[in-house]
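A.B. asks: Dropping a structure here in structure tokens format, bear with me for questions.
The values are calculated or read from the model by the stated rules, or taken from the named source; none is laboratory data. Note that the coordinates shown come from a computational prediction; the quantities given were computed from them, not determined experimentally. No Cβ is skipped: glycine too gets one built from the backbone with ideal geometry, and neighbour counts run over all protein chains shown.
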Amino acid sequence: MIMKIAVQLKLCASPEQVAKLKETLEVANAACDYISELAWERKVFRQFPLHRLAYKVTREKFTLAAQMVVRAIAKVSNGYKLDKDTRRTFKTHGAIAYDDRILSWKLDQSEVSIWTTQGRVRVNFVCGPRQRELLSGERGETDLCLVRGTFYLFVACEVETPEPIDVNGVLGVDLGIVNLAADSDGELYSGEQVEKSRQHYAHIRQTCQSKDTKSATRKLKRLSGRQARFQKNTNHVISKRVVQKAQDTARTIALEDLSGITRRTTARVQRKQRAKHVNWSFYQLRQFITYKAQLAGIGVILVDPAFTSQTCPICGCVDKRNRPSQGKFLCVQCSFSGCADTVGAVNIASRAAVSQPIVSALFGPGTSPSPLGLGN
């Protein structure tokens, strides 16, 4: 089975090259706006009909190569896939896509040749050994992005995943806020440092915004994204530990299906707790666990999260009184007690053991869930 991984490369562009790349972004996105306007007026949104409508006039109006116009049409068409209720507009320095016709590689020289409105430019790039290894394989589309004044390439690299390993059980993982994750073995992955980081940067933002000076604005710009990057790194660390444990013990991973939980939640959240709930990045953590598990040949099962934190794993009693506090579980029927997050993870693992049909969908078409041997 093939999966795609995005590889990030930093371009070491000279000031002259930066100017050329910026101009290319500006012209390409202006072309996207023009194509979007045509699509909106004619109500033509699918890529090939839109190509017939916009290709020739866009080539005549903008100084873009033929393939760059093709990529611009594809970008506009993709923008309308979500809905067709609003005309799409594109940022001046928004990312643009390249393919092998307008971008080529010289890996031995750490150099990439990129088409610009002023001709091809050869730019050096820097990356780690893992990224270089991925680049040596099959490569797909490449996005040129301008991030805080620095150009990056995001390359879609194809990686062949191993066959699913034979497993002997399920490792349940409960996702939360106080503990970002808890597994059915009793290990907790605390969210304390993430919460401290959130409070720290929220205080700095509040202080700078109240001052409303130029220096405060510069500081806000300098600190932009730090808390999100810290949280992303924390999720990478947790997901790696979870997948490594599942691989070492030959178990599949079971997660709660929390899709749309923010829309389904009806209980009112206290004002002081709102920021913490909004900051909950469970979907990112789930994505990291899923793709790392796939690379390791580990299956991932999604189960219904309903009442997993209120169900006693010993007697099966379901009662909201089983949760006397956020972190404690105490069964009102059999008096079993324990960490509430661990109990939730155990219940998730139990539900996954009878949910084998889901596995084939998560591994993709053409694979069989039979090697998993759940419940044996």
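A.B. asks: Right, G137: free of Cβ contacts under 8 Å to residues at least 40 places away in the same chain, at positive phi and more than 21 Å from the chain's Cα centre (by Cα) or not?
C.D. replies: Here the answer is no, as G137 does not meet what is asked.
A.B. asks: What do you reckon, is A267 assigned to a loop (DSSP other than H, G, I, E, B) and modelled with pLDDT of 85 or more?
C.D. replies: No.
A.B. asks: Given the options A30, A95, name the one that is closer than 18 Å to C145 by Cβ, of a type in the set (A, V, I, L, M) and surrounded by fewer than 17 Cβ atoms within 10 Å (Cβ to Cβ).
C.D. replies: Checking each option against the conditions leaves just A30.
A.B. asks: Here is a follow-up. Taking the criterion of being without any contact (Cβ under 8 Å) to a residue 40 or more places away in the chain, more than 25 Å from S309 (Cβ to Cβ) and either among the hydroxyl-bearing types (S, T, Y) or crowded, with 16+ Cβ neighbours inside 10 Å (or both), would at least one residue in region 156-164 satisfy it? Give the steps one after another, and end with the answer.
C.D. replies: Taking region 156-164 first, the residues without any contact (Cβ under 8 Å) to a residue 40 or more places away in the chain are none.
The answer is no, given that none of the residues of region 156-164 is without any contact (Cβ under 8 Å) to a residue 40 or more places away in the chain, more than 25 Å from S309 (Cβ to Cβ) and either among the hydroxyl-bearing types (S, T, Y) or crowded, with 16+ Cβ neighbours inside 10 Å (or both).
Yes/no matrix, rows are residues, columns are (1) surrounded by 14 or more Cβ atoms within 10 Å (Cβ to Cβ); (2) of a type outside the set (S, T, N, Q); (3) assigned by TED's automatic domain parsing to the domain that holds V243:
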{"residue": "L295", "(1), (2), (3)": "yes, yes, yes"}
{"residue": "I298", "(1), (2), (3)": "yes, yes, yes"}
{"residue": "T308", "(1), (2), (3)": "yes, no, yes"}
{"residue": "D319", "(1), (2), (3)": "no, yes, yes"}
{"residue": "P324", "(1), (2), (3)": "no, yes, yes"}
{"residue": "F336", "(1), (2), (3)": "yes, yes, yes"}
{"residue": "V343", "(1), (2), (3)": "yes, yes, yes"}
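A.B. asks: Considering only residues that are aliphatic (A, V, I, L, M) and either touching a helix residue (DSSP H, G or I) at 6+ places or on another chain (Cβ under 6 Å) or farther than 18 Å from Q17 by Cβ (or both), which ones fall in region 134-152?
C.D. replies: Listed by number, the residues that qualify are L134, L135.
A.B. asks: For a quick check of your reading of the model, give me the residue pairs whose first member lies in region 302-328 and is free of Cβ contacts under 8 Å to residues at least 60 places away in the same chain and over 12 Å from V343 (Cβ atoms), whose second is hydroxyl-bearing (S, T, Y) and in a loop (DSSP other than H, G, I, E, B), with beta-carbon atoms closer than 8 Å and at least 6 apart or on different chains.
C.D. replies: As it stands, the answer is V303/S355, since those pairs meet every condition given.
A.B. asks: Take the conditions closer than 26 Å to R139 by Cα, of a type in the set (K, R) and assigned by TED's automatic domain parsing to the domain that holds F125 and apply them to K43. Does it pass?
C.D. replies: Values: closer than 26 Å to R139 by Cα: no; of a type in the set (K, R): yes; assigned by TED's automatic domain parsing to the domain that holds F125: yes.
Considered against the rule, which asks whether it is closer than 26 Å to R139 by Cα, of a type in the set (K, R) and assigned by TED's automatic domain parsing to the domain that holds F125, K43 comes out as no.
A.B. asks: Let me ask something additional. Which one of Q67, Q8 is assigned by TED's automatic domain parsing to the domain that holds R120, touching a Leu at 6+ places or on another chain (Cβ under 9 Å) and of a type outside the set (A, V, I, L, M, F, W, C)?
C.D. replies: Q8
A.B. asks: Can I ask one more? Which of the strands (runs of 3 or more DSSP E) contained wholly in region 88-153 include at least 1 residues that are over 30 Å from V44 (Cα atoms) and among the hydroxyl-bearing types (S, T, Y)? Reasoning before the result, please.
C.D. replies: Details: elements: 96-98, 103-106, 111-116, 119-126, 139-147.
Where strands (runs of 3 or more DSSP E) fall fully within region 88-153 and carry at least 1 residues being over 30 Å from V44 (Cα atoms) and among the hydroxyl-bearing types (S, T, Y), they are 103-106, 111-116.
A.B. asks: What do you reckon, is Q227 touching a residue at least 24 places away in the same chain (Cβ under 8 Å), outside the structural domain of K292 (by TED's automatic domain parsing), among the polar types (S, T, N, Q) and touching a Phe, Trp or Tyr at 6+ places or on another chain (Cβ under 9 Å)?
C.D. replies: Judged against the criteria, Q227 is a match.
A.B. asks: Report yes if L146 is under 30 Å from L220 (Cβ atoms) and surrounded by 17 or more Cβ atoms within 10 Å (Cβ to Cβ), otherwise no.
C.D. replies: In short, yes.
A.B. asks: Looking only at region 48-66, how many residues end up being among the polar types (S, T, N, Q) and modelled with pLDDT under 95?
C.D. replies: Adding up the residues that qualify gives 1.
A.B. asks: Among the candidates S36, S77, single out the residue that is hydroxyl-bearing (S, T, Y), assigned to a helix (DSSP H, G or I) and under 30 Å from V159 (Cα atoms).
C.D. replies: Only one candidate passes the filter, namely S77.
A.B. asks: Restricting to region 46-61, name every residue that is touching a residue at least 24 places away in the same chain (Cβ under 8 Å), buried (at least 18 other Cβ atoms within 10 Å of the Cβ) and not polar (S, T, N, Q).
C.D. replies: Filtering region 46-61 down to residues touching a residue at least 24 places away in the same chain (Cβ under 8 Å) leaves 46-47, 50, 58, 61.
Retained after the next criterion (residues that are buried (at least 18 other Cβ atoms within 10 Å of the Cβ)): 50, 58.
Hit for region 46-61 is L50, nothing else.
A.B. asks: Would you mind finding the one in F62, F45 that is over 28 Å from the mean Cα position of the chain (by Cα) and at negative phi?
C.D. replies: The unique qualifying residue is F62.
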